[in-house]
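The values are calculated or read from the model by the stated rules, or taken from the named source; none is laboratory data. Treat the numbers as computed from the prediction; the structure is a model and nothing was measured. Here the Cβ is made from the backbone with ideal geometry for all residues, glycine too, and neighbour counts use every protein chain on show.
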Amino acid sequence: MSDLDTIAGASAALAAGRLSAVELVQDRLALCRRLEPALHSFLTLDAEGALTAAAEADAARAAGQATPLTGIPLGVKDVIDVAGLPSTGHSRLYADRKAEADAVAVALLRKAGGILLGKLATNEFAIGLHDPQTALAPQPCNPWNLAHSAGGSSSGAGTAVAAAEVLGALGTDTGGSIRVPAAFNGIAGLKPSRGLVSRTGTMPLSETMDSVGPMARSVEDLALMLDAIAAPDPRETARLARPVASYADASGTCPEGVRYLRLRRYDRLLSDGQLAALDAAEAALVATGARAVTVDLPDLDALDAVGTLMATSESWHYHRERLARHPERYGRDAKLKLMIGALISGDDYLLAARLRDRLSARVAGMFRSVDVVLTHPALGAAPVAPARPKVSFATWAHAGFNMQANVTGIPALVFRTGMEAGLPVGAQLWAKVNNDALLLALGRAMERQLAEAGALPGWPVVAV
Amino acid sequence: MSDLQPPDYKSLLQRAGAPDLDDADLADLTPGLRAIDGKIAFLRELAAAMAGTLPSPIAAKDDQDV
């Protein structure tokens with residue numbers, strides 16, 4: 001990996017004057033032109049705007065006004081508004097929509113000097129499987145093996161960061177949509193604590209479950225991005241004041257004696273490679289001085305059911321009128337998934353909401369006895385992507401394992417810890433609400449441990 | 001929901017304002033609707049085991065009197 005392929009490395013090179021932001025952006029645009037015919041990470045590539053912004057970043061640096069993100073090439077999932085660029089949610093409904101203003105998180109990245117290369121692919125409205133009949137573009141391919149899934153719904157963010165087309169990206173996560181593509185593409189992703197990062201200017205799927213968060217090539221890079229975007233937003237229904245001045249600084253040192261629980265409940269479902277990746281993660285965690293503890297877990301299946309009910313009901317509420325007026329503009333999978341929410345009664349939504357409060361209190365209680373939970377972000381490496389995904393809701397009867405973090409508002413970090421049949425697999429850490437800094441500190445320390453042990457996966461060489 | 005008498009999902013969806021569905025749509029959608037019904041039943045049982053999710057203004061003794 002080139003030291004220009006991480007935010008921290010490129011930022012140091014820019015600060016040392018080894019290259020300019022314009023040169024760095026030109027380099028990434030050339031990479032995009034080479035890889036995009038195979039990867040399809042972008043729905044919109046804004047080369048002209050990126051080069052203009054890069055020149056401004058160089059001027060800002062010359063004037064002594066640089067931050068760690070100044071001149072860094074970044075991308076934004078296409079459910080998040082970037083002023084002047086198409087913002088489609090990968091839907092025919094919004095195929096011609098252009099955003100008039102930046103989302104708050106995007107504005108903060110710009111203010112920090114980040115260079116936005118464009119809008120990244122997403123599942124339709126962050127929910128639907130790819131539908132060739134209504135899709136605006138091909139679905140992204142996994143850069144490790146183009147025949148395999150990129151995950152979703154922040155699919156383009158996962159592929160673009162893994163291939164180093166951009167060094168960081170903004171994704172969204174309602175039930176794993178940052179964490180699954182981070183795992184499948186072998187990068188790092190953070191679903192921040194609820195309220196830490198503004199969602200204003202983002203197409204909602206579920207107001208109570210949605211999070212906007214960073215995706216990057218290392219945990220340190222996530223901290224650098226979070227430093228720019230974590231800020232209370234008065235327009236938000238969820239607001240959380242950041243407890244540290246700098247996540248990059250606070251995560252630079254790993255505390256000793258951290259208490260961890262390795263979640264074993266789902267082990268029978270996991271592939272051998274996923275289990276090995278968790279073993280490697282646990283060994284790295286222990287090497288940081290962490291110690292295992294036993295705690296009573298809250299009802300994880302109930303948390304999943306609460307999240308599924310609330311998110312499904314809320315997404316139906318958001319789309320009901322649009323779907324009634326323009327059903328033909330929705331992909332079949334998105335349309336059917338949304339309609340499931342039509343039959344959830346107000347009584348059952350309130351039931352779920354009240355159970356959410358109770359179960360969240362139990363999770364908060366659990367985190368008095370343990371600092372982090374180590375678990376998996378996916379059952380294994382990315383599966384082969386079918387040419388035409390089959391609509392099936394049979395799996396909805398199963399209990400999921402990522403929604404719990406969205407229901408309770410806790411932060412969840414995913415990063416790569418192993419390989420399985422030539423594809424990356426990762427580990428996930430949970431902590432109590434607003435302890436994102438602890439997750440980042442542990443993740444950075446664990447990445448160092450894995451690198452020293454020669455166990456940290458490398459980067460893909462895209463077959464084009 | 002009883003397995004013996006499956007709900008008329010098509011009518012329920014129409015009443016809820018969903019667009020028209022053909023038979024193939026309904027066949028694909030039904031497992032998801034059943035799954036949600038199952039999760040709702042699960043949460044109702046859980047809430048009952050917690051003695052409800054709302055703090056009751058009526059004391060337990062009064063409940064028994066009723």
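Scan (1) farther than 18 Å from B:Met50 by Cα; (2) of a type outside the set (S, T, N, Q); (3) in contact (Cβ under 8 Å) with a residue 24 or more places away in the chain for the single condition A:Val363 breaks and write down its number.
Here A:Val363 meets the rest and fails (1).
Scan (1) closer than 23 Å to A:Ile178 by Cα; (2) buried (at least 18 other Cβ atoms within 10 Å of the Cβ); (3) modelled with pLDDT of 95 or more; (4) of a type outside the set (Asp, Glu) for the single condition A:Ile127 breaks and write down its number.
Only one criterion is unmet by A:Ile127, namely (3).
Select, from A:Ala284, A:Ala324, the only residue that is modelled with pLDDT under 95 and in a helix (DSSP H, G or I). Please lay out each step first, then the result.
On the way: A:Ala284 fails: modelled with pLDDT under 95.
Result of the check over A:Ala284, A:Ala324: A:Ala324.
Where residues in segment A:346-379 are of a type in the set (D, E, K, R) and surrounded by 14 or more Cβ atoms within 10 Å (Cβ to Cβ), which of them is nearest to B:Leu33 (Cα to Cα)?
Quick first cut of segment A:346-379, residues of a type in the set (D, E, K, R) only: A:347-348, A:354, A:356-358, A:362, A:368, A:371.
Next, from what is left, pick out any that are surrounded by 14 or more Cβ atoms within 10 Å (Cβ to Cβ): A:348, A:354, A:356, A:358, A:362, A:371.
Details: A:Asp348: 14, A:Arg354: 22, A:Arg356: 21, A:Arg358: 26, A:Arg362: 29, A:Asp371: 37 Å.
For segment A:346-379, the residue satisfying everything is A:Asp348.
Being more than 23 Å from the chain's Cα centre (by Cα), more than 14 Å from chain B (Cβ to nearest Cβ) and among the polar types (S, T, N, Q) is the requirement here; does A:Thr237 meet it? Quick ask: steps written out before the conclusion?
Numbers: more than 23 Å from the chain's Cα centre (by Cα): no; more than 14 Å from chain B (Cβ to nearest Cβ): yes; among the polar types (S, T, N, Q): yes.
Answer is no for this residue.
If A:His326 passes every condition in (1) without any contact (Cβ under 8 Å) to a residue 60 or more places away in the chain; (2) closer than 23 Å to B:Ala24 by Cβ; (3) surrounded by fewer than 18 Cβ atoms within 10 Å (Cβ to Cβ) but one, which one does it miss?
(1)
State whether the residues of segment A:282-296 include one that is closer than 21 Å to A:Thr408 by Cα and in contact with a Leu (Cβ under 8 Å, 6 or more places away or on another chain). So that I can check it myself, show each step before the final result.
Of the residues in segment A:282-296, the ones closer than 21 Å to A:Thr408 by Cα are A:294-296.
Okay, now just the ones that are also in contact with a Leu (Cβ under 8 Å, 6 or more places away or on another chain), so A:294-295.
Yes, segment A:282-296 contains at least one residue that is closer than 21 Å to A:Thr408 by Cα and in contact with a Leu (Cβ under 8 Å, 6 or more places away or on another chain).
Run A:Pro377 past the list (1) within 14 Å of chain B (Cβ to nearest Cβ); (2) closer than 28 Å to A:Val166 by Cα and report the number of the one that doesn't hold.
(1)
Scan segment A:435-464 for residues that are touching a Leu at 6+ places or on another chain (Cβ under 7 Å) and among the charged types (D, E, K, R) and jot them down.
Hits for segment A:435-464 are A:Asp436, A:Glu447.
Which condition does A:Ala57 not pass, out of (1) more than 21 Å from A:Leu108 (Cβ to Cβ); (2) more than 25 Å from the chain's Cα centre (by Cα); (3) surrounded by 17 or more Cβ atoms within 10 Å (Cβ to Cβ), if it passes all the others?
(1)
Could you say whether any residue in segment A:422-437 is out of contact with any helix residue (DSSP H, G or I) (no Cβ under 9 Å at 6 or more places or on another chain), among the aliphatic types (A, V, I, L, M) and assigned to a loop (DSSP other than H, G, I, E, B)?
First, the residues of segment A:422-437 that are out of contact with any helix residue (DSSP H, G or I) (no Cβ under 9 Å at 6 or more places or on another chain): A:422, A:434-435.
Within this subset, residues satisfying the condition of being among the aliphatic types (A, V, I, L, M) are none.
No, the conditions are met nowhere in segment A:422-437.
Among what's in segment B:28-50 and is among the aliphatic types (A, V, I, L, M), under 24 Å from B:Leu12 (Cα atoms) and at the interface with chain A (Cβ under 7 Å from one of its Cβ atoms), pick the residue that is nearest to the chain's Cα centre (by Cα).
At the first step, the residues of segment B:28-50 found to be among the aliphatic types (A, V, I, L, M) are B:29, B:33, B:35-36, B:40-41, B:43, B:46-50.
From what is left, the residues that are under 24 Å from B:Leu12 (Cα atoms) are B:29, B:33, B:35-36, B:40-41, B:43.
Those still in the list that are at the interface with chain A (Cβ under 7 Å from one of its Cβ atoms) too: B:29, B:33, B:35-36, B:40, B:43.
Working: B:Leu29: 16, B:Leu33: 10, B:Ala35: 10, B:Ile36: 8, B:Ile40: 5, B:Leu43: 9 Å.
The extreme case among them is B:Ile40.
Could you tell me whether segment A:265-278 includes any residue that is modelled with pLDDT under 95 and within 12 Å of chain B (Cβ to nearest Cβ)?
Looking for residues that are modelled with pLDDT under 95 and within 12 Å of chain B (Cβ to nearest Cβ), one finds none in segment A:265-278, hence no.
So, A:Arg320, is that one farther than 30 Å from A:Glu256 by Cβ, surrounded by fewer than 24 Cβ atoms within 10 Å (Cβ to Cβ) and either of a type in the set (Asp, Glu) or at the interface with chain B (Cβ under 7 Å from one of its Cβ atoms) (or both) or not? I'd like the intermediate steps shown before the answer.
Values: farther than 30 Å from A:Glu256 by Cβ: yes; surrounded by fewer than 24 Cβ atoms within 10 Å (Cβ to Cβ): yes; either of a type in the set (Asp, Glu) or at the interface with chain B (Cβ under 7 Å from one of its Cβ atoms) (or both): yes.
Yes: the conditions hold for A:Arg320.
In segment A:380-406, which residue that is assigned to a loop (DSSP other than H, G, I, E, B) and surrounded by fewer than 14 Cβ atoms within 10 Å (Cβ to Cβ) is farthest from the other protein chains (Cβ to nearest Cβ)? First the steps, then the outcome.
Quick first cut of segment A:380-406, residues assigned to a loop (DSSP other than H, G, I, E, B) only: A:380-383, A:385-393, A:398-402.
Then keep just the ones that are surrounded by fewer than 14 Cβ atoms within 10 Å (Cβ to Cβ); that gives A:386-388, A:390, A:392, A:398.
Details: A:Pro386: 15, A:Ala387: 18, A:Arg388: 14, A:Lys390: 9, A:Ser392: 7, A:His398: 8 Å.
Within segment A:380-406, the match that is farthest from the other protein chains (Cβ to nearest Cβ) is A:Ala387.
Check A:Asp304, A:Asp296 and return the single one that is among the charged types (D, E, K, R), within 25 Å of the chain's Cα centre (by Cα) and either surrounded by fewer than 24 Cβ atoms within 10 Å (Cβ to Cβ) or facing chain B (nearest Cβ under 8 Å) (or both).
Numbers: A:Asp296 fails: within 25 Å of the chain's Cα centre (by Cα).
After ruling out the rest, the residue left standing is A:Asp304.
Taking segment A:326-347, which residues are out of contact with any Ser or Thr (no Cβ under 8 Å at 6 or more places or on another chain), facing chain B (nearest Cβ under 9 Å) and over 16 Å from A:Thr134 (Cα atoms)?
Once the filter is applied, which keeps residues that are out of contact with any Ser or Thr (no Cβ under 8 Å at 6 or more places or on another chain), facing chain B (nearest Cβ under 9 Å) and over 16 Å from A:Thr134 (Cα atoms), segment A:326-347 yields A:Met339, A:Ala342, A:Leu343, A:Ser345.
Looking at A:Leu69, A:Leu43, A:Leu51, A:Leu31, which is the one that is touching a His at 6+ places or on another chain (Cβ under 9 Å) and either closer than 13 Å to A:Gly113 by Cβ or at pLDDT 95 or above (or both)? Talk me through it step by step, then tell me what you get.
Values: A:Leu69 fails: touching a His at 6+ places or on another chain (Cβ under 9 Å); A:Leu51 fails: touching a His at 6+ places or on another chain (Cβ under 9 Å); A:Leu31 fails: touching a His at 6+ places or on another chain (Cβ under 9 Å).
Exactly one of A:Leu69, A:Leu43, A:Leu51, A:Leu31 is touching a His at 6+ places or on another chain (Cβ under 9 Å) and either closer than 13 Å to A:Gly113 by Cβ or at pLDDT 95 or above (or both), namely A:Leu43.
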